[in-house]
Amino acid sequence: MQIEDNKVAVINYTLTDEQGNVIDQSQDGSFAYLHGAHNIIPGLENALAGKQAEDKLQVTINPEDGYGTRDDNQIQAVPRDMFPADVEIQVGMQFHAETPDGMPVMVTVVSATEEHITVDGNHPLAGQTLNFDVEIVSVRDAEAGEIEHGHVHGAGGHDHG
């Protein structure tokens, strides 16, 4: 069975940066995604289309097809009082925030003073070329509920309750 829209693919992968440093990996057959539902970055999803179980591939994804290019407008200094007073803010910490139009975003602290905290709303991998080494473990038809919800459900089902 080939990977195409509304199929669930289980993959093993190793993600490395341009220097060969491992950024992330899943080698135990536990990473499953619903193809065509934008569960993974576009460049990887496009590369997996048409593949089948036991196929292996190496894919290089440019930033535009990965986590996007870096946008300096996503870096801003905000007043220290917007953060919990009892938390010592350190570079590298991440916080959930909202964009002006109410969309959730994860921000990373890039600098901190007593008056301002500078945060970066870019994805940590934005602007990076990504290299994937992928093995397709299995491919199956998605269940109706998975298609409706736009993601894979676990072995015991999934409760949106």
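With respect to the numbered conditions (1) in contact (Cβ under 8 Å) with a residue 24 or more places away in the chain; (2) over 19 Å from residue 131 (Cβ atoms); (3) not charged (D, E, K, R), which one is the sole condition not fulfilled by residue 63?
Looking at each condition in turn, residue 63 falls short on (2).
Of a type outside the set (Val, Ile, Thr), modelled with pLDDT of 95 or more and surrounded by 14 or more Cβ atoms within 10 Å (Cβ to Cβ): which single residue out of 50, 66 fits that description?
66
Name the single residue, out of those in the stretch 1-34 being among the acidic types (Asp, Glu) and in a strand (DSSP E or B), that is surrounded by the fewest Cβ atoms within 10 Å (Cβ to Cβ).
Ranking the candidates gives 28 first.
Just one of the numbered conditions (1) touching a residue at least 40 places away in the same chain (Cβ under 8 Å); (2) open to solvent by 60 Å² or more (accessible area, probe 1.4 Å) is not true of residue 116; which one?
(1)
Can you tell me which of 151, 123, 158 is farther than 30 Å from residue 69 by Cα and modelled with pLDDT under 95?
Every option except 158 fails the conditions.
The values are calculated or read from the model by the stated rules, or taken from the named source; none is laboratory data. This one's a predicted model, so the numbers in the text were calculated from it and none came from an experiment. Backbone-built Cβ (ideal geometry, glycine too); neighbour counts: all protein chains shown. The accessibility values were calculated without ligands, DNA or RNA, using every heavy atom of the protein model including side chains. Shrake-Rupley method; radii C 1.70, N 1.55, O 1.52, S 1.80 Å.
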